[in-house]
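Structure, as structure tokens:
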Amino acid sequence: MLIRLFQAIATAGVLVVTTVNVAFAQNNINLESDTGDVKQRASEYDYIFPIWGKDVMERGFDVPYPAGANLIGMYITQPIDIGQLQLGLNGGPLVPVPSITFGENSSTVYTGNLRVDLWLFPFLNVYGMYGIAQANTTVNVTTPIAFTSSVDQPGKYYGVGVTSAFGVWGHWASIDINWAWADLEKLSEPVLTNIIGLRMGHTFPLDNKGMKLAAWVGMMKAEVASVTNGSIALSEALPPDAVQKVEEFYENYQTSEWYSNLAKWQQAAVDEMFGKLSEGQPLQNATVQYDIDKALAVPTNFLVGLQWEINKEWLVRTEAGLFGRWSAMLNINYRFRI
């Protein structure tokens, strides 16, 4: 009955995860094989950031240009769990409805993201990001009415983050932490997500003009704000193929096998919720308030990636998420000095 309500909530979690999957460390802090060139450039170092950058280059380490602009495209698909649910009708109190159960739910997202970043120190990068996304969410309701629905929904998101990175003789490691908010029209407020990503890799020089190839593996863990609330008109919540099923169920729900198998307190909760409907009012004209617990079915996944550093200004990256939460990302990065 409330399928699009659940789809909006599930989609919010997907959008948030998408934002954080595109926030990863710049991987071009490495010890160059030709330290003479790096030291020569250190003697010509005349820009503000990163702080202590000249000292690091004098020791033989290369550092990236401090400021960057990133255009990022991404695809992601993942399962989502929907847990404890409270519902109210027409402004009535929220009541727990554990008797509505779900099957497997999944979301697919295509997103574009703009990210700007700055290396404050050779080991510390800060960034902000803004993106838009098109999400498709498939939800399976198993009881009291069994049906499946799929809906497309746009959204936007924004966030901030910090990356710490260090290199040792051509190898490097990075730790990324960021916070992002997904904003959807069916939610009363943006959904917050916190992400921690770990990556380790190696950079291979391709020529003596600064071209390099970096490869890495890693893992990422996402924590999504578990409670989402808001309201929605049932006229928007009823997919066409489920309208007749829902109306028939509502007219006779107290004689259904599902209702008779509920505990007394569960029956009272269902009666209280439906009791807010005016006599003779069509069900689809009602408004529902909701409060729902949600979670990522697979909060942690593995990462593999490649970066082609064409020169100091232009870099191209790709990264894939594996095992449970599957994703593919392409990033074009332009860097400049300030």
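The values are calculated or read from the model by the stated rules, or taken from the named source; none is laboratory data. Note that the structure is a prediction, hence the values are computed from the model and not measured. Cβ coordinates were reconstructed from backbone atoms using ideal geometry, including for glycine residues, and neighbour counts include every protein chain displayed.
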Need the failing condition index for N28 against (1) in contact with a Pro (Cβ under 8 Å, 6 or more places away or on another chain); (2) at pLDDT 50 or above, just the number.
(2)
Would you please list the contacts, defined by Cβ atoms under 9 Å and residues six or more apart or on different chains, that run from a residue in the range 323-338 that is of a type in the set (V, I, T) to a residue that is exposed (fewer than 15 other Cβ atoms within 10 Å of the Cβ) and not in a strand (DSSP E or B)?
I338/Y47; I338/I48
Is one or more of the residues making up the range 90-102 under 26 Å from the mean Cα position of the chain (by Cα) and assigned to a strand (DSSP E or B)?
yes
Of G88, G83, G68, the only residue that is small (G, A, S) and either farther than 27 Å from A133 by Cβ or buried (at least 21 other Cβ atoms within 10 Å of the Cβ) (or both) is G88
Taking G128 as the residue in question, decide whether it is modelled with pLDDT of 80 or more, within 30 Å of M57 (Cβ to Cβ) and touching a strand residue (DSSP E or B) at 6+ places or on another chain (Cβ under 6 Å).
yes
When restricted to A295, A320, the only residue at pLDDT 85 or above, surrounded by fewer than 17 Cβ atoms within 10 Å (Cβ to Cβ) and assigned to a strand (DSSP E or B) is A320
Every residue from the range 158-190 that is β-branched (V, I, T) and surrounded by fewer than 16 Cβ atoms within 10 Å (Cβ to Cβ)
V160, V168, I175, I177
Test for T138: is it in contact with an Asp or Glu (Cβ under 9 Å, 6 or more places away or on another chain), more than 23 Å from M273 (Cβ to Cβ) and assigned to a strand (DSSP E or B):
yes
More than 20 Å from L120 (Cβ to Cβ), touching a residue at least 12 places away in the same chain (Cβ under 8 Å) and touching a Gly at 6+ places or on another chain (Cβ under 6 Å) - does that describe any residue in the range 169-177?
no
Within the range 38-47, is even one residue part of a helix (DSSP H, G or I), closer than 28 Å to G159 by Cα and at pLDDT 70 or above?
no
Return only the number of the condition from (1) surrounded by fewer than 22 Cβ atoms within 10 Å (Cβ to Cβ); (2) modelled with pLDDT of 80 or more; (3) not acidic (D, E) that G155 does not satisfy.
(1)
